Every structure is written in C-alpha cells, then in structure tokens.
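Below is one structure; the comments refer to it alone.
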Amino acid sequence: MILSKDTMQIVHEQNVVPFRNRVKELATKIGMSLVNQTKLITAASELVRNMLKYANGGKILLEIISNNGRTGVRLTFMDEGPGIADVQQAMRDGFSTGKSLGLGLPGAKRLVNEFDIKSKPGEGTTVTITHWKNGR
Amino acid sequence: MDRIPILKMGPYLLVTIQVDLYDRLALTLENDLINMVSKTGARGVLIDISAVSIVDSFMGRILGNIASMSRIMDAETVVVGMQPAVAITLVELGLTLQGVYTALDVEKGMELLQTKIGIIEDPEDEDEEVPDDDTV
C-alpha cells in the first residue's frame with residue numbers, strides 16, 4: 001500500500017542536496033532510526049549521482065509504503081540514458097566505466113533492504129530501493 | 001560560488017565542514033586544500049566532519065585524495081569527528097578510508113597530527129629516543 005507519493009526531477013547537481021533532504025524528511029516521518037536513515041540517504045546519493053553522470057539526470061519517485069505492518073521508504077530512479085550493457089558486471093565491487101571506485105551500485109545494494117535494477121541498452125535504467133523502518 | 005573556508009593555524013590547516021557537501025563543493029575543497037598546502041607549506045591538515053551527516057563513495061574518495069595528495073606534498077591529514085552512523089554506513093558501503101588518519105575529535109586529531117609530523121616530543125615518553133649529544 002502506498003501511503004504517500006511524490007516525484008522529483010533531477011537535471012543538475014544542485015538538485016542533489018534538496019533530494020537528499022526530501023529523503024531524510026520521509027525517513028524521519030516514519031520514525032526510521034538514524035543509522036537506517038543514513039544508510040538510505042547514502043544509497044540514494046550513490047544512485048542519484050549515477051543517474052546524473054551516466055544519463056544526464058532523470059526522475060525519482062519517492063514513496064512511503066506499507067506492507068504486512070511494515071512501513072518503509074521506496075525510491076525509484078528512472079532515467080532514459082544509455083542503459084547498462086552488463087548489469088551483473090555493473091553490480092560487482094570495483095567495476096566502473098567511469099573513474100570512480102566502482103562502489104556505487106553494489107554499495108547501494110548492501111545499504112538497503114531491497115534493491116532492484118532493470119536496464120535496457122539504449123532505453124534507460126530503473127533502480128528501485130526500499131528500506132524498511134525497522135530494517136535489519 | 002560556495003566555498004568551504006580553510007583556516008591556517010601555525011603549521012596546520014583546519015577545515016570544518018558545516019554544510020551538506022555536493023560533488024562540486026567537495027572537488028573545490030580538494031583543490032583549495034592542495035593549493036593551500038603548497039602555498040603555506042603546511043605540515044598537517046585537519047578536517048572536521050562532525051557536522052556531516054552523509055559521506056558516500058564520492059566524498060570518501062575525495063577525503064582519500066586529499067590525504068594522498070597532501071602526503072606527497074609532505075603534509076599529513078587527519079579526519080575527525082565522524083558520526084557513528086556515517087562510520088557504519090561507510091564500512092557497509094565498502095569504503096574503509098585506507099590511508100586516511102582518523103581521530104575521534106579535534107583535540108585528539110591535533111595530538112595525532114603533532115606526533116605524526118614530530119613537532120612535539122611527548123614529555124611522558126621522553127626516553128623513547130635518546131638524544132645523542134650527552135651521556136657517555
């Protein structure tokens with residue numbers, strides 16, 4: 001069940017801090033602990049950077065969801081960039097086509113409770129992460 | 001354009017990050033710090049991140065870069081005041097900040113810097129290195 005829904009357009013770097021603040025607001029609203037908030041926002045920060053760097057931005061769906069008595073924050077990152085040719089490879093630690101440390105995707109996955117990535121070369125990438133209030 | 005102030009105090013450069021870092025701001029800081037080390041001949045750099053609530057892989061990389069660059073220029077870097085939630089998140093993300101000295105707070109950080117660059121001989125363990133001028 002979706003309790004609240006909001007979208008944000010990310011077109012340049014200046015959108016990142018307001019986006020992180022918005023995620024923090026949602027996490028605070030459902031009473032997420034500080035450590036879990038930090039994990040969620042850090043994961044979100046990695047993903048939004050990827051979106052800007054590889055796809056020149058995109059759209060983010062921010063939701064508060066409830067499922068079996070659990071409440072959580074779900075973020076969906078949608079871009080229409082070049083897509084990822086080999087998702088498995090992109091999910092490996094230390095792999096990067098840019099000059100980064102290659103921790104973004106695999107690191108983000110480790111930080112949140114649920115992680116899903118769909119990508120089609122030439123069409124774009126959609127990453128969905130969910131972090132529950134009492135996750136872990 | 002936003003800038004993070006760098007304070008010079010004796011042989012040290014002090015930086016307190018009080019705002020949410022976005023990528024360009026972090027890059028500017030890296031640049032400014034290295035230039036300051038070169039210009040002032042500073043021997044130690046202390047970066048206080050106690051007000052920083054998010055350190056993701058990019059910011060982590062910048063901290064690492066600052067440490068390695070200053071080392072090449074004969075200055076040591078200590079990062080102090082990391083929030084517990086940030087530390088937990090960083091390790092889970094896969095970033096261990098190798099090569100970056102850390103300390104709990106500014107005071108301990110300054111002590112560490114002083115020992116690293118050998119400015120003070122700790123009066124408590126004065127006998128560690130015997131001066132070679134007297135006593136036959």
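FYI, it's all coordinate maths here, none of it is from the lab. The model shown is predicted, which means the values in this text are computed figures rather than measured ones. Cβ sites come from the backbone with ideal geometry, for glycine too, and all protein chains shown count toward neighbours.
Between A:Asp6 and A:Ala85, full extension at 0.36 nm per residue minus the direct alpha carbon distance yields a gain of 25.5 nm. Considering every alpha-carbon pair of the protein assembly as shown, the percent of pairs per 5 Å bin, from zero through the bin containing the longest distance, is 1, 5, 12, 15, 16, 14, 11, 8, 6, 4, 2, 2, 1, 1, 0, 0, 0. Here the extension length gained between B:Asn31 and B:Lys108 equals 25.1 nm, from 0.36 nm per residue of separation less the Cα-Cα distance. Mean per-residue shielding of peptide B:83-95 is 6, counting Cβ atoms of other chains within 10 Å of each Cβ. If you average the sequence gap of Cα pairs under 8 Å that are 6 or more apart and divide by the length of chain B, what percent do you get for the contact order? Relative contact order comes out at 22 percent.
Quote the charge dipole size of the stretch B:1-78 about the Cα centre in Debye, to the nearest 20; the model charges only the Cβ of Lys and Arg (+1) and of Asp and Glu (-1).
On the way: 7 positive and 9 negative charges, 54 e Å.
I would put it at about 260 debye.
Residue by residue along A:28-34, Cβ atoms of other protein chains within 10 Å of the local Cβ number 1 on average. Measuring spread by the Cα atoms of the stretch B:6-118 yields a radius of gyration and Dmax of 12.9, 37 Å. By the helix-only formula, in which each DSSP H run with n ≥ 4 contributes -39500 (n - 2.57) and the sum is divided by residues, the protein assembly as shown has a 222 nm mean residue ellipticity of -12000 deg cm²/dmol. Please report, in whole Å³, the volume per residue of the convex hull around the C-alpha atoms of the stretch A:2-132. Roughly 100 Å³ of hull volume per residue. Derived scalar couplings between HN and Hα for the stretch A:11-26 equal 10, 9, 4, 5, 7, 5, 5, x, 5, 4, 5, 5, 5, 4, 4, 5 Hz in order, rounded to whole Hz, by the Karplus curve 6.51 cos²θ - 1.76 cosθ + 1.60 (θ = phi - 60°), x for Gly and Pro. With the charge dipole of the protein assembly as shown set up from +1 on Lys and Arg Cβ and -1 on Asp and Glu Cβ about the Cα centre, the Cα lying farthest toward the positive end among the listed residues A:Thr71, B:Gly109, B:Gln83 is that of A:Thr71.
Compute the signed sum of charges (Lys and Arg +1, Asp and Glu -1) over the other residues within less than 13 Å, Cβ to Cβ, of A:Leu3.
Values: positive: A:Lys5, A:Lys29, A:Arg70, A:Arg74, A:Lys133; negative: A:Asp6, A:Glu63.
Summing Lys and Arg as +1 and Asp and Glu as -1 gives +3.
Here the stretch B:1-78 and the stretch A:64-132 have alpha carbon centers that stand 30 Å from each other. Taking 0.36 nm per residue of separation and subtracting the Cα-Cα distance, full extension of the segment from B:Ser50 to B:Arg24 would add 7.3 nm.
Coupling constants for the stretch B:82-93 follow from the phi torsions by the Karplus curve (6.51 cos²θ - 1.76 cosθ + 1.60, θ = phi - 60°), and in residue order they are 5, 5, x, 4, 5, 4, 4, 5, 4, 5, 5, 5 Hz; glycine and proline get x.
Averaged over its residues, how many other protein chain Cβ atoms are within 10 Å of peptide B:48-58's Cβ atoms?
Across the residues of B:48-58, the mean count of other-chain Cβ atoms within 10 Å is 5.
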